[in-house]
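Heads up, the thing below is written out as structure tokens.
Taken together, the values in this text are just the output of simple stated rules run on the coordinates, not laboratory data. Since this is a predicted model, take the numbers as computed values, not measurements. Backbone-built Cβ (ideal geometry, glycine too); neighbour counts: all protein chains shown.
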Amino acid sequence: MIITYMFYLLSFLAIMFGLMVVLSKNPVHSVLYLVLTFFAIAGHYVLLNAQFLAAVHIIVYAGAIMVLFLYIIMMLNLNKEAEPHKSLWIKASAAVAAGSLLVVLVASIKGTVAITPSNEFNPNIGLIENLGQTLFKDYLLPFEVSSVLLLAAMVGAVMLAKKSIK
Amino acid sequence: MSIIQTIPIEWYLFLSTVLFAIGVFGVLFRRNAIIIFMSIELMLNAVNLLLVAFSSYLSDSKGQVFVFFIMAVAAAEVAVGLAILSMVYRNTNSPDINNLNKLKW
Amino acid sequence: MIKLVGLIPLLPLIGFVIIGLFGKKLSKSIVGLVGSGVIFGSFALALAIFFELKGGTQKEFTIDLFTWISAGKLSIPFSFLIDPLSSLFLLIITGIGFLIHLYSIGYMSHDEGFARFFAYLNLFIFFMLLLVLGSNYLIMFVGWEGVGLCSYLLIGFWFKNTAYNNAAKKAFIMNRIGDLGFLMGIILIFITFGSISYHEVFMQANSYSSGTPVLTVIALLLFVGAMGKSAQLPLYTWLPDAMAGPTPVSALIHAATMVTAGIYMIARSNILYSLSPVAMQTVAIVGACTALFAATIGLAQNDIKKVLAYSTVSQLGYMFLALGVGAYTGAVFHVMTHAFFKALLFLGAGSVIHAMGGEQDMRKMGGLKKYIPITHLTFLIGTLAIVGFPGFSGFFSKDEILAHAYENNKLLWVLGILTAAMTTFYMFRLYFLTFKGTFRGTHDQEHHLHESPKSMTIPLVILSMLAVVGGLIGIPEVLGGKHFLEEFLKPVFADSSSRIIFHLPESTEYMLMIVAVAVMATFLYSAYTVYVKNKTLPAAEGEELQPLHKLVYNKYWIDEIYETIITKPLNFISEALHKVVDNQIVDGIVNGIGYLVNWTSSTIRLAQTGNIGFYVFVMVISIVLILFTRLM
């Protein structure tokens, strides 16, 4: 029973904070709400027995990426409500578009064949040992390639952020 | 009593869908490039959540490994994207994406 | 020796390449030496092959050089056919060609385009040899087109003169009409027989029955080609204009060789004609009419080269008459003798023009006998040969043609004898006006008169000897001679001669000869009376003429009629098509499409606002729509 309650709570928090990210006027608040959303999602990961992933998620998203966001906002001095207002018409159309997307997606999920979970629940799936086995055996090459991607991203970011190349 | 006996997987599907739709709404609703970026992160996370859910329900660790890769890509994307944003801001003095309309004819 | 046949056309080609590429750097004497030398080499080879063929038992050799076209079931080898007919033509082309090259060294010595001239001449010889050597219709066609091209280049040799250029264009375009017929004929041959090689085609044709429609159509189409190339009615008007080219060109291309290509083609395809009496009849009638028609025009011309040009058309008509009545040997015989005496006459005329300093009007000549004796003597021999004076070459060949015509159809014989009469009259008119009487030109011209250099007179002398003795290879049997030529050509015409049997009583043959000689003598005498005794002169420019005379003098206004009924309507239609169809409709459609695309894109591009939010919005809506349609 407690699991059900936990699910409801975490889902509610995730959705609410997600909405707050979009709706709050101050970008710094948005970032903080997004961190909270990530925590809610991390809670879901724990619920799903993906403990290692939950930890990584907190570290990478809440720890690294969000700090990067905050850093940029600070650097560009955006922590004020300087955003020009969109017209009501555009806001309404955005809401309608997103809403209809939601409806259509839900409807299509409803229309799909129900997924039957495997009978034997393996609680060790999310453990670091298991993940390590899969990652370094089956996905060794993509893992290595992703390191190249990170390197490229780093070089690209440095190149772009430099004032000018002399 | 584990989660897969209590909660049907459809619920996670709906939760992910709702989070994804919120991300889409944010992209359409806001003009601040930083917020749009965050909405995109939200969409990515919605997908991550779904992958982890499937991984657990199907007892297959590959889904979680996939989430790792998504995280790596997201990190790279954020680094480059924020660098681009800072450059845009430097040139236009505004985070408003409507300033970036040079693509038209 | 037969194996070396590839060298015969190759040598002139080499000459062309050398002179064409380096002509400007080489001195005139070297150019002349190379140009004539290669032709002499070809001539020597042709002579060797001729004697080998004459002595040997095998009368037909096919020399495969390489595969030229291979597509599907069509395979065309580039191969040469050596048989009595082609070897005879080889001799005529290279022999006369060599003499005329020699002559040109003297004639063209003051011209700046000396090297260009020899390059063209060598190229012409190359294509002409290709034409007669090819073992299938396609190679003949290549040569056919090639000689047409060279003819165009050489008629317009002095390209700074617009009238000459127009003459060149006229020749080229008129030949195109004929070539179209020839090409269609070749295509039809391929469709009918599945091959275009002579050997294959004639073998298959032999099994067809006489009068098969498809053979008649083929024969008529080929004849259209021959009409254009050999200047027959109604496509003859280019030949007199072609005299715009230098005189050696007139002699070589427009009298001795190229214009006989049509005769060669029909003689080569003789079996196709022998199997279609309708085509034969057409050939005979067109030939006879052309002969008479051109002869009447020749009666009233004052330009020395024009007279010879019309005489050429007339003699070509004679040859077609011969082909039409089945006297293939006679036609080839006449080609040969005509090549001798007509080349001689043209070269003689060239020598006269050379002496006169470029003057071609006979009314300004006269009494040239004592100034240019060698030219005079050789010209007289040529004249006697062409009118068929007994013993000279023309007598034998004409006699053979007339005898065959008489047997075939009396009317054709009458036309032939009338033509012969007129030929006698205008040729002697030409001779008397030019060489007899007193000089009528200016004092300067009289002072300038001189005999031509050796390089010009030697070919004249050689040709005049040939014009005398050339007939001896075909003395009819009634005169106690032996027809060597007929014997030699027998294998070529074997299939036809079994179908067309020629038999005339000896007495009739004697009678025909006597009539021909009598007519010739009468008209010779009347020409003498008119132009020597009475010293009559052709009317000067602008003088009012008798209606009939006027008609003939103006060449029946054929050029003007063509201009009115073909050229002008054609121009009018082209103009109308250009103005209405092209400018309005076609351009309208093309510009309209361009305008439409322009308008559409300039309208649609407004959707590209550059607003990223809008793009995302559209994308989301589209995803919704796509998913929605999937759900339905």
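What are the principal axis extents of the Cα atoms in chain A, in Å, biggest first?
55, 45, 29
Could you state, as a whole-number percent, how many of the C-alpha pairs of chain C are farther apart than 45 Å?
Counting pairs separated by more than 45 Å, the tail of P(r) holds 24 percent.
B:Ile84: net charge of surrounding residues, Cβ under 13 Å, Lys/Arg +1, Asp/Glu -1, itself excluded?
Once positives and negatives cancel, what remains is +1.
Based solely on its DSSP helices, what 222 nm [θ] is calculated for chain A when runs of n ≥ 4 H residues each add -39,500 (n - 2.57) and the sum is averaged over all residues, nearest 500 deg cm²/dmol?
-23500 deg cm²/dmol
Nearest 0.05, what FRET efficiency do C:Ser526 and C:Val414 give at R0 = 22 Å with Cβ-Cβ as r?
It comes out at approximately 0.70.
Counting other C-beta atoms within 10 Å, and keeping those with at most 15, which DSSP coil trypsin sites (Lys or Arg not before Pro) do you find in the stretch C:132-174?
C:Lys160
What is the dipole size for the stretch C:136-553, taken about its Cα centre, with +1 at each Lys and Arg Cβ and -1 at each Asp and Glu Cβ, in debye to the nearest 20?
In total the dipole reaches around 720 debye.
In this model, which of C:Lys364/C:Lys454; C:Lys54/C:Lys454; C:Lys24/C:Lys160 are farther than 27 Å apart at the alpha-carbon?
Correct reply: C:Lys54/C:Lys454.
Ordered by packing density, taken as the mean number of other Cβ atoms within 10 Å over each peptide's residues, highest first, how do C:129-141, C:197-209 rank?
Taking the mean over residues of other Cβ atoms within 10 Å, the ranking is C:129-141, C:197-209.
Give the residue list of GluC sites (Glu not before Pro) in the stretch C:541-632 that are DSSP loop and have at most 10 other beta-carbon atoms within 10 angstrom.
Qualifying residues, ordered by number: C:Glu541, C:Glu543, C:Glu544.
Given points 7 Å out from each Cα along the Cα-Cβ axis, report the A:Leu127 to B:Leu100 separation in nanometres with one decimal.
Spacing of the two 7 Å Cα→Cβ label points: 4.5 nm.
Please give me the summed charge of the neighbours of C:Leu316: other residues whose Cβ is under 11 Å from its Cβ, Lys and Arg +1, Asp and Glu -1.
Counting the neighbours of C:Leu316, the net charge comes to +2.
My understanding is that a pair violates if its Cα-Cα distance is over 26 Å; which of C:Lys369/C:Lys398; C:Lys369/C:Lys533; C:Lys305/C:Lys370 do that in this structure?
C:Lys369/C:Lys398
Which one, A:Met20, C:Ile100, C:Gly350, is farthest towards the positive end of the dipole of the protein assembly as shown when Lys and Arg carry +1 and Asp and Glu -1 on their Cβ?
The Cα lying farthest towards the positive end belongs to A:Met20.
Treat every Asp and Glu Cβ in the protein assembly as shown as -1 and every Lys and Arg Cβ as +1, leave all other atoms uncharged, and give the resulting dipole magnitude about the Cα centre to the nearest 20 debye.
In debye, rounded to 20, the protein assembly as shown gives about 1800.
What does the extension gain come out to for C:Val618 and C:Gln584, with contour length at 0.36 nm per residue minus their alpha carbon separation?
7.9 nm
What FRET efficiency comes out for the pair C:Glu563/C:Asp111, r = Cβ-Cβ distance, R0 = 30 Å, nearest 0.05?
E between C:Glu563 and C:Asp111, to the nearest 0.05, is 0.40.
Would you please calculate the Kirkwood hydrodynamic radius of the stretch B:15-105 over all C-alpha pairs and express it in Å, rounded to one decimal?
Mean inverse Cα-Cα distance, inverted, gives 14.7 Å.
Using alpha carbons only, how many angstrom separate the centre of the stretch C:585-606 from the centre of the stretch B:1-63?
Taking the Cα centre of the stretch B:1-63 as reference, the centre of the stretch C:585-606 is 49 Å away.
Could you pull out every one of the lysines with an alpha carbon less than 30 Å from that of A:Lys163, ignoring same-chain neighbours closer than 8 positions?
Straight-distance partners of A:Lys163: A:Lys25, A:Lys80, B:Lys102, B:Lys104.
Can you sort B:Ser55, C:Ser351, C:Ser79, A:Ser93 from fewest to most other Cβ atoms within 10 Å of each residue's own Cβ?
Ordered by Cβ neighbours within 10 Å, fewest first: A:Ser93, C:Ser79, B:Ser55, C:Ser351.
Could you calculate the FRET efficiency of A:Tyr8 with A:Val158 from 1/(1 + (r/R0)^6), where r is the beta carbon distance between them and R0 is 35 Å, rounded to 0.05?
Computed FRET efficiency for A:Tyr8 and A:Val158: 0.20.
How about C:Lys3: which aspartates and glutamates have a C-alpha closer than 14 Å to its C-alpha, ignoring those fewer than 8 places off in the same chain?
C:Glu52, C:Glu60, C:Asp64, C:Asp83
Report the trypsin sites (Lys or Arg not before Pro) located in chain B that are in a DSSP loop and have at most 13 other Cβ atoms inside 10 Å of their Cβ, or state none.
Those that pass, being in a loop and sparsely packed, are B:Lys102, B:Lys104.
Treating only the Cβ of Lys, Arg, Asp and Glu as charged (+1, +1, -1, -1), what charge dipole size does the stretch C:1-135 show about its Cα centre? Round to the nearest 20 debye.
200
Would you be so kind as to identify which of C:Met619, C:Phe89, C:Gly592 lies farthest towards the positive end of the dipole of chain C, taking Lys and Arg as +1 and Asp and Glu as -1 on Cβ and the Cα centre as origin?
Value computed over the given set: C:Met619.
Report the local net charge at C:Ala288: Lys and Arg +1, Asp and Glu -1, summed over other residues whose C-beta lies under 15 Å from its C-beta.
Residues near C:Ala288 contribute +1 overall.
Can you sort C:Arg605, C:Arg116, C:Arg499 from fewest to most other Cβ atoms within 10 Å of each residue's own Cβ?
Least to most surrounded, the residues fall as C:Arg605, C:Arg499, C:Arg116.
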